[in-house]
Amino acid sequence: MDALARRGVKQLKISAVCSARDSVEETGNLLSSFAESMNLPFVLMFLHLETWEFEKDRLQLEAGETVAVFMEFCLIPLSDRPEGIGALLRGIKDLKPLVLIVVDVETDINALDFAPRFKEALLLMCALVDSLEACLERENQYRKIVEKIYFQEVICNGIMREDGGFKRCFKIDLWREYFAEFGLVETELSQPSMHQARLMVKGSPCWSSCTLKMNGKSMIIGWNGIPIRFVSAWKFSNDEGEEKL
């Protein structure tokens with residue numbers, strides 16, 4: 001938002017697609033207040049859905065708008081229904097976005113045998129717990145939410161069999177192959193964005209164990225050398241131009 005304000009954009013509109021059960025009012029108020037402090041013309045709308053399928057018309061796109069899509073931790077909830085991911089990507093393609101940003105967990109908890117699956121889940125959990133211990137107090141309400149909801153799912157994926165509610169977690173290498181089937185082409189992250197990420201990590205002593213590495217054109221965020229998540233940028237193959245994010 002700060003970068004857009006400095007560029008003098010006419011208006012920033014965020015359409016947040018969320019579950020009808022999500023409480024998003026507080027987030028909306030914070031974003032609106034932040035935009036107002038920078039004199040950035042801002043419109044915020046929430047699209048409440050019970051499923052990941054949505055109709056383009058519900059986003060109320062206007063002629064001349066430049067569309068960018070940010071998709072964070074959407075792949076795992078849909079991983080046990082590949083047709084769901086396909087429907088989501090086809091819906092996004094219909095929006096004709098300039099860029100699609102995908103952020104998700106960088107791990108492979110898919111082995112049918114228990115031992116390798118448990119080992120991978122254990123490594124991820126150790127890194128996540130260590131990162132929370134360094135960055136948040138134990139009584140922090142957000143830490144409790146993460147531990148209760150997110151950690152529980154990772155642990156279950158590590159010990160449950162595939163026929164017992166198993167969710168698939170793939171690394172960026174496998175997602176590249178899957179995305180290619182939908183005409184998605186990986187795009188380089190710009191040098192300014194990479195520089196900003198490194199400055200953020202160096203700017204806090206709490207993040208001294210955070211690592212940033214590249215895998216192809218995507219960034220891998222890790223803790224003590226253990227990969228935690230990937231950040232990637234994509235364009236649909238029928239898009240024109242090679243402008244970097």
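Looking across 168, 143, 176, one residue alone is closer than 19 Å to residue 106 by Cβ and modelled with pLDDT of 85 or more. It is 176. Of the residues screened, residue 112 is not one that is surrounded by fewer than 15 Cβ atoms within 10 Å (Cβ to Cβ), of a type in the set (A, V, I, L, M, F, W, C) and either part of a strand (DSSP E or B) or at pLDDT 90 or above (or both). Within region 95-120, the set of residues being within 19 Å of residue 143 (Cα to Cα) and either out of contact with any Leu (no Cβ under 8 Å at 6 or more places or on another chain) or not aliphatic (A, V, I, L, M) (or both) comprises just one member, 104. Scanning region 73-90 for residues that are under 17 Å from residue 234 (Cβ atoms), surrounded by 13 or more Cβ atoms within 10 Å (Cβ to Cβ) and in contact (Cβ under 8 Å) with a residue 60 or more places away in the chain yields 75, 85, 86, 89.
What number of residues within region 93-134 are farther than 26 Å from residue 69 by Cα and hydroxyl-bearing (Ser, Thr, Tyr)? The total comes to 1.
In the set (1) within 22 Å of residue 234 (Cβ to Cβ); (2) touching a Phe, Trp or Tyr at 6+ places or on another chain (Cβ under 8 Å), the condition left unmet by residue 70 is number (2).
Restricted to region 127-149, and to residues that are part of a helix (DSSP H, G or I) and touching a helix residue (DSSP H, G or I) at 6+ places or on another chain (Cβ under 6 Å), which residue is surrounded by the most Cβ atoms within 10 Å (Cβ to Cβ)?
First, pick out the residues of region 127-149 that are part of a helix (DSSP H, G or I): 127-135, 141-149.
Right, trim to touching a helix residue (DSSP H, G or I) at 6+ places or on another chain (Cβ under 6 Å) and you get 132, 134-135, 143.
Numbers: 132: 18, 134: 16, 135: 15, 143: 15.
That would be 132.
In summary, residue 93 fulfils each of the numbered conditions (1) surrounded by 14 or more Cβ atoms within 10 Å (Cβ to Cβ); (2) without any contact (Cβ under 8 Å) to a residue 60 or more places away in the chain; (3) within 18 Å of the chain's Cα centre (by Cα) with the single exception of condition (2).
Selection of first residues in region 112-125 that are at negative phi and of a type in the set (D, E, K, R) and of second residues that are modelled with pLDDT under 85 and in a helix (DSSP H, G or I), restricted to Cβ pairs under 9 Å at least 6 apart or on distinct chains, gives the following pairs, ordered by first then second residue: 117/157; 117/158; 117/159; 119/158; 120/158.
Counting residues in region 101-111 that are farther than 22 Å from residue 220 by Cβ and either in contact with an Asp or Glu (Cβ under 9 Å, 6 or more places away or on another chain) or in contact (Cβ under 8 Å) with a residue 24 or more places away in the chain (or both) gives zero.
The values are calculated or read from the model by the stated rules, or taken from the named source; none is laboratory data. A quick note: this is a predicted structure, and the numbers were derived from the prediction, not measured. Every residue, glycine as well, gets a Cβ built from its backbone with ideal geometry; the counts of neighbours run over all protein chains shown.
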